[in-house]
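Please treat every number below as a calculation from the coordinates, not as lab data. Everything numeric here is computed off the predicted structure, so don't read it as measured data. Glycine gets a Cβ as well: all are built from the backbone with ideal geometry, and neighbour counts include every protein chain shown.
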Amino acid sequence: MSQPIIEFKNVQKRFGDTTIFDDFSFKVEENEIVSIIGPSGSGKSTLLRILMTLEGIDGGYINVAGESLWHMLWNDRYVPASNKHLHKMREQLGMVFQHFNLFPHMTVKRNITEAPMRVKGLSRQDAEESAEALLELVGLADKAESYPNDLSGGQKQRVGIARALAMRPAILLLDEITSALDPELVDEVLDVIRNLAKEQSFTMLLVTHEMYFAREISDRVCFFDKGKIVEEGVPEDIFSAPREERTQAFLNAYLGQ
Ligand SMILES: Nc1ncnc2c1ncn2[C@@H]1O[C@H](COP(=O)(O)OP(=O)(O)OP(=O)(O)O)[C@@H](O)[C@H]1O
Ligand SMILES: [Mg+2]
């Protein structure tokens, strides 16, 4: 079997006196689509933010694509990663956030070309061609010259997805990308992710409250509570026949069953 593309080994994470992860281990295989569901405050966003190197860890190891994320080998010993190593590792990951985080003073196209030009050194022409193709992919080819404030929430979020993809990440992290949207805009955003999952081979790790979407798109669903995976499995098992009481209670509250 091939090596997992993401692996957490005995990871610890604390904020002050509060322990978020204590001896947390978790794997994602290449091209696997994994959804994380679970109550507020259980550590779902923290998990993605650690992968994105926006948060450090207090113990354990994380491997991404066969390399240690937070450590590097130095004379046959693991030492804390340098900034250069973190930059290199970060390029494998793209993240879309709940709140769009677009640059309001830049056009849609510029929002997408900025990082590939600055970080990856793409020429303006190459970056713009790629941005145009990505805008086509998310159904916004006609909005390239618009500014974020002139877009609907759903359109902003589709730009957010295009911007993450512009860095050609091997892994896409999605943190509740529809929860700030009006209900009628949710599906246009989820459709983009559906198509991506269908047409391209991608590893995706998503945190979502859209249970029907998690059920439809995921290879595996993990129910997360208090920094632990309480239960995981194929969507049919988790949603139709959860074994753990905590999973049942969460799903009942959520789905109103
Ligand atoms: N920067 C921080 N400093 C201190 N505590 C934090 C920080 N970030 C998160 N926390 C705490 O860590 C815990 C886990 O937070 P996290 O955002 O990962 O939860 P979550 O599962 O994503 O919740 P939600 O569903 O509400 O988004 C929470 O108790 C939160 O208050
Ligand atoms: Mg969160």
Has the range 70-81 got at least one residue that is surrounded by 15 or more Cβ atoms within 10 Å (Cβ to Cβ), free of Cβ contacts under 8 Å to residues at least 12 places away in the same chain and of a type outside the set (Gly, Ala, Ser)?
-> yes
Checking Leu135 against (1) touching a Phe, Trp or Tyr at 6+ places or on another chain (Cβ under 8 Å); (2) part of a helix (DSSP H, G or I), which test does it fail?
-> (1)
When you look at Glu29, is it away from ligand 1 (no atom under 16 Å from the Cβ), over 18 Å from the mean Cα position of the chain (by Cα) and among the acidic types (Asp, Glu), yes or no?
-> no
Among strands (runs of 3 or more DSSP E) entirely within the range 24-95, at least 2 residues that are more than 28 Å from Val119 (Cα to Cα) occur in 33-37, 59-64
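Is the range 142-165 home to any residue that is farther than 26 Å from Lys13 by Cβ, out of contact with any helix residue (DSSP H, G or I) (no Cβ under 7 Å at 6 or more places or on another chain) and basic (Lys, Arg)?
Checked against the condition, which is being farther than 26 Å from Lys13 by Cβ, out of contact with any helix residue (DSSP H, G or I) (no Cβ under 7 Å at 6 or more places or on another chain) and basic (Lys, Arg), the range 142-165 yields no hits at all.
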Hey, Ser146 of a type in the set (Ser, Thr, Tyr), surrounded by fewer than 21 Cβ atoms within 10 Å (Cβ to Cβ) and over 25 Å from Arg90 (Cα atoms) or not | yes
